[in-house]
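Scroll down for the structure; my scribbles are underneath it.
Only the coordinates and a few stated rules stand behind these numbers; no lab work does. What you see is a predicted model, and the numbers here were worked out from it, not measured in a lab. Note that we place each Cβ from the backbone using ideal geometry, even for glycine, and neighbour counts take in every protein chain shown.
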C-alpha cells in the first residue's frame, strides 16, 4: 500500500498540492483524475521522490519513505512510469530492462517482456521503435522486479483508442495477478472507469472527493468540476 | 502461454549473449597480446632516436587523451582539467625521489592520490551538467596549476625541477625508462593494457549502468541507481588513466614543472580525443598520434602549428563526426561489404 499524509507542494507562490492525503490499500487500482493543473502529476512526483514535498509524509507498505531519494524508494518497492516517455533511447530494449533488473532481487526481465509483448523487439534500439512500443518500454522499466506499488502517469497517453483499451485491460489483469497496488493518472475516462477499483478526484491541488467509479461518475461536484458531459 | 516457457526462451538468448561476450573478451585478449608484441619490431626497426622519442611521447599523450575520450564516451562529460591529475601524478613521482624516498612509493602515490582527489571533487561537480561541469574542471585544473607554480619551495615554481632515477627499479636497470626504444615498448604496452582494462569496464555491469546514466540520468534513478557516486567513480577512473600518463611522462623526462598541469595540456588532450573520435576507446590514441606528427610536420614548415591543428579540428568536427577512428571503421566496414559482395556466388 501507499499513503501520502497532508502533502503540500509549492512552485514559488503557487501551491500545486494543498494538504493532500491519499491512501491506496494493497492490491487496489486507484485512479487519479482532475482537470489540468489539479496537481495529479505533482502528487505522483511527490510520492515517487521526483519532487520534494514542502510538508507531509509518504509511506510505502507502512514504511516512512519521506526522507528517501527516488532510487531508494525504487529499492523499497515503488515503480513508476512517466507522462512523457522516459526510457534509454540509445540502448536496446533487452539491455535496458536487464540493467533495470540489476537493482531488484527478482529480475523478471523475460516475464515483463513477454507480458508487454516486447520479446519480438528485444534487440531493437528503443529510440528507433514506434511510439507505442516506447510507451510499453517505459511501463516495463517500472514493472521489473514486481514492484509492490506502481505509479502510472498517463500510461495510455498518445496511444490510439484501441491501444489504450487493450493496454488498460492487460494492465488490470497483470496487476491483479501480481497483487500490485496501483495509482494511475489518466485523462481517458473510459480507461479509468474500466480498470480502477476506486477513484480520487483532485481539483486545484486539493482532494475534491473519492469513491467507486459509479459514485464518481454520478457525483454532481465531480461532474461540475471536471467530467461535464464526458461521463 | 506460460511465463516459464517464455522465460526459458529469454534466458537462452541471454546465455547466448553471455557466450558472445566471453568470446569477444577472448578475442580482445588475443588482440591485446598481438598489439603488445607488434610494437617490438617497430621499436627496433626505427633507427632515428628522434622519431622513436616522438613516438614515445605520442603514446604517452595517447594515454592522457584516452582519459579524456573515455570520460566523454562513458559519461558524456567533457573535461578541461585532466592535465591536473596528470601533473599531480607527475609531482607524486618526482617529489618523493627528490626527498630521497623510493620510486615505487612515488608511483603508488601517483596512482592513488589523483583518482582519490578526482572522486571527492567528482561527488560535487558531476552534479552540475554540461558546459558548467567543463568550466569547473578547468577551474580546478588551473587552481592546482597555480598551487604548483606558487609553492616554489616544494615544486621549484615555474622552473620545475629535474631528478635522477634510482639505478634499478624492481630489479631492472632503470635506464630502460629513459631509452626511447625500450620506453616506447613499455609505454605502448601500458597503453594497450589501459585500453583493454577500459574495454572490460565498459562491458561490465558497472560500466553498462554508467552508460545508462549517461543516456538518461533521471530514469536511471527511477530504476534504483545512485547516479552521483557512479559518475564520480567514472571521473576518478578517467583521472587514474591520466595519472598513468603522468607517471610515464615523468619517468621518461626525469623532469616536472607546472606546465604538466596547465589547462593548455588538457585542451590539447581534448583536441586529440575529438580528432581521433570518442565513439571508440582507441580513437583518442589515433588522435594523439595524428596531432603529434601533424605538429612535428607543421613545426618544420612554419611557426604556426596551432593554426594547422585548428584547421584539422574544424575539418574533423564538420566532416567526420566520429573522428578519424570513426572514418577508419566506416572504410573498413565498406571494404568488408565489398569483399563479401565479390566473394558471393
*May I ask you to work out the translational diffusion coefficient for region B:97-187 at 20 °C, viscosity 1.002 mPa s, via Stokes-Einstein with Rh from the Kirkwood sum over Cα pairs, reported in whole µm²/s?*
133
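Give the percent of DSSP beta bridges with both residues in the protein assembly as shown that are antiparallel, rounded to the nearest 5. Mind showing how you got there, number by number?
Details: 24 of 40 bridges.
Looking only at bridges with both residues in the protein assembly as shown, the antiparallel portion is about 60 percent.
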*Restricting things to alpha carbons, tell me how big region B:1-159 is in terms of Rg and Dmax, in Å.*
22.5, 77
*Taking Cα centroids, how far is region A:71-109 from region B:27-68 in Å?*
42
_Shape box of region A:84-146 [Cα atoms, principal axes, largest first, Å]_ = 30, 20, 18
_Rounding to the nearest 10 and keeping the result within 0 to 90°, find how far the Cα-based axis of helix B:3-45 lies from the longest principal axis of chain B._
30
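How big is the Rg/Rh ratio for region A:140-205, C-alpha atoms only, Rh by Kirkwood, two decimals? Can you show the working numbers first?
Details: Rg = 11.9 Å, Rh = 12.5 Å.
The Rg/Rh ratio comes out at 0.95.
Using only Cα atoms, what is the ratio of the radius of gyration of chain B to 2.2 N^0.38 Å? Write out the running numbers ahead of the final one.
Details: Rg = 21.7 Å, N = 345, 2.2 N^0.38 = 20.3 Å.
Scaled against compact globular proteins, the figure is 1.07.
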*Over the Cα atoms of region A:36-135, how large are the radius of gyration and the largest Cα-Cα distance (Dmax), in Å?*
15.6, 46
*Using Cα atoms only, what is the angle between the long axis of helix B:305-319 and the major principal axis of chain B, expressed in degrees (0 to 90) to the nearest 10?*
10
*Between residue B:112 and residue B:259, what is the label-to-label distance in nm when each label sits 7 Å out along the Cα-to-Cβ direction?*
3.1
*Distance from the Cα centre of region B:164-210 to that of region B:89-129, in angstrom?*
17
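Direction-averaged shadow area of the convex hull around the Cα atoms of region B:147-198, nm²? Spell out each step's value before the answer.
Values: hull surface 23.0 nm².
That works out to 5.7 nm², a quarter of the Cα hull's surface.
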*Working from Cα positions, state the angle (0 to 90°, nearest 10) between the long axis of helix A:161-178 and the longest principal axis of chain A.*
90
*Whole-angstrom gap from region B:273-345 to region A:144-223, using each part's C-alpha centre*: 54
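Given a Förster distance of 25 angstrom, what is the FRET efficiency for residue A:72 paired with residue B:204, based on the Cβ-Cβ distance and rounded to 0.05? Please report the intermediate quantities before stating the final value.
Numbers: r = 24 Å, r/R0 = 0.95.
So, using R0 = 25 Å, E works out to roughly 0.60.
So what's the protein assembly as shown giving for Cα Rg divided by 2.2 N^0.38 Å, two decimals?
Details: Rg = 29.1 Å, N = 576, 2.2 N^0.38 = 24.6 Å.
After normalising by residue count via 2.2 N^0.38 Å, the value is 1.18.
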*Which value results when the Cα radius of gyration for chain A is divided by 2.2 N^0.38 Å?*
0.98
*Across every pair of different alpha-carbon atoms, what Kirkwood hydrodynamic radius in Å does region A:62-106 reach?*
12.3
*Distance from a point 7 Å along Cα→Cβ of residue B:172 to each backbone N in region B:30-45: keep the residues under 16 Å and list them by number.*
B:36-41, B:43-44
*asked:* Tell me the Rg and the Dmax, in Å, that the Cα atoms of region B:232-303 produce.
replied: 13.7, 44
*Taking all pairs of distinct alpha-carbon atoms in region B:131-268, Kirkwood radius in angstrom*: 17.8
